[in-house]
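Take a look at the structure below.
The values are calculated or read from the model by the stated rules, or taken from the named source; none is laboratory data. Since the structure is predicted, the reported quantities are computational estimates derived from the model, not experimental observations. Cβ coordinates were reconstructed from backbone atoms using ideal geometry, including for glycine residues, and neighbour counts include every protein chain displayed.
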Amino acid sequence: MNVQTPLRLLQVFHCVVQEGSFTGGAAALGITQPAVSQQIRELETVIGVELFRRTGRGVQPTTAGEQLEQRTGEHVDAIERGVASIGARTQPHHVELRVNATFATAWLLPRLPSFLSKYPAIELDLTSSYWAHTADPAHTAVHIDFGAPPDNAEPIGGQDTVVAVARPDIARQIRTTPDLANHPLLDIRGGDGWNEFLTAISATTPQTRTHTSMTYLHTLALARSGLGVALAHSFIITDALHDGDLAIVDLGTMIAREQYYLIAPRPDRATPAAQQFTNWLRAELQTHTAIGSH
C-alpha cells in the first residue's frame with residue numbers, strides 16, 4: 001500500500017465494512033453517502049484494487065477488501081481509542097466538543113459566551129464531528145451530530161420540519177412555487193433536498209438554476225447573501241429568523257427525515273467540565289423552541 005494513504009480513508013473503509021453498506025457507514029460517521037462513496041473510490045485508486053462488491057442489501061468486501069480489513073481494522077480501532085483517551089480524561093477543566101458544523105455555527109457558537117461566563121476556568125476543544133466515530137466505546141467527547149440518531153443518542157429539537165428560506169427581500173417576492181422559477185434553488189446533496197420537499201408539498205419542480213452543496217451550512221450562507229432559496233431544518237434557523245438574516249418562504253413544510261442529536265460522554269469517562277457542559281446544553285435546549293416543530 002502507498003505509505004501516504006490517509007488514515008481518514010481507512011477509517012471510512014473500516015466503518016463501511018462494519019455497517020455493511022455505504023449508507024450505514026455514512027450514518028455512523030455523520031457524513032453523507034456520496035461523501036463515503038467518494039472516499040472509498042479514492043482509497044481504491046490509491047491501492048489499485050476494487051474493495052467492495054454490491055449485494056442486494058448493501059456491499060461486501062472483495063477478497064482484497066477482506067485482506068485490508070484484516071490487516072488494518074484492529075489498528076484503526078486502536079488509534080481511535082488511543083486518541084480519544086489522551087488528555088481529556090486527565091484534565092478536569094477540559095471538554096472536547098465534536099460538533100456538526102451547521103449546528104456549531106448557527107446555534108452553539110452564539111451561546112457559548114454564556115457558558116464560558118458561567119464556567120470561566122473551562123477550556124474548550126472544539127472540533128468537527130465529520131470524522132468522529134460515535135460508536136467508539138472509549139469516546140470522552142460531547143458529540144453533537146446530524147442524521148438518523150443512534151440508539152445511544154438524545155434527539156435535539158423534537159420532530160423537526162424542513163422549510164424554504166431566503167433573504168427577506170427575496171422571500172417577499174415568492175408567493176407560490178411557480179415564483180421559484182425566478183430564483184436559483186440552493187440544494188443539498190444526500191439530505192432533505194428540493195426534490196423531496198417539492199414532492200412533499202405536491203408541487204412541480206420549477207425551471208431554474210440549482211446550486212448544490214454537501215452541507216446546509218453552505219446553502220444557508222448562500223441564502224443570506226441573496227443568491228437563492230435554500231431549505232433548512234426549522235430548529236437550526238430560529239436565530240437567523242429572529243435576527244432578520246433569513247425569512248421563511250411560505251410554500252409549506254416537510255417532516256424532516258434526519259435531525260440533530262447529542263451523544264454525551266460515558267459517565268465513567270466524562271470530565272467534570274464535560275458534565276457541566278452537557279448539563280448546560282440540555283438546559284439551553286429546553287428553552288429553545290424550533291418554529292413549526294412544536
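Here is how the numbers come out for the structure above:
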item	result
Matching strands (runs of 3 or more DSSP E) fully within the stretch 140-203 where at least 2 residues are crowded, with 21+ Cβ neighbours inside 10 Å and modelled with pLDDT of 95 or more	161-166, 185-188
Neighbours by Cβ (under 9 Å, 6+ apart or cross-chain): first from the stretch 264-285, assigned by TED's automatic domain parsing to the domain that holds residue 118 and closer than 12 Å to residue 96 by Cα; second among the β-branched types (Val, Ile, Thr) and loosely packed, with under 14 Cβ neighbours inside 10 Å	271/90
Within the stretch 13-42, considering residues that are closer than 15 Å to residue 71 by Cα and not polar (S, T, N, Q), the one surrounded by the most Cβ atoms within 10 Å (Cβ to Cβ)	13
Residue selected from the stretch 210-230 under the condition touching a residue at least 40 places away in the same chain (Cβ under 8 Å) and more than 15 Å from the chain's Cα centre (by Cα), by the criterion surrounded by the fewest Cβ atoms within 10 Å (Cβ to Cβ)	225
Top-ranked residue in the stretch 62-82 [being within 19 Å of residue 20 (Cβ to Cβ) and of a type in the set (A, V, I, L, M); ranked as modelled with the lowest pLDDT]	76
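A quick yes/no check of all residues on (1) more than 19 Å from the chain's Cα centre (by Cα); (2) part of a strand (DSSP E or B); (3) not hydroxyl-bearing (Ser, Thr, Tyr):
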| position | (1), (2), (3) |
| --- | --- |
| 236 | no, no, yes |
| 241 | yes, no, yes |
| 252 | yes, yes, yes |
| 257 | no, no, yes |
| 260 | no, yes, no |
| 267 | yes, no, yes |
| 270 | yes, no, yes |
| 274 | yes, no, yes |
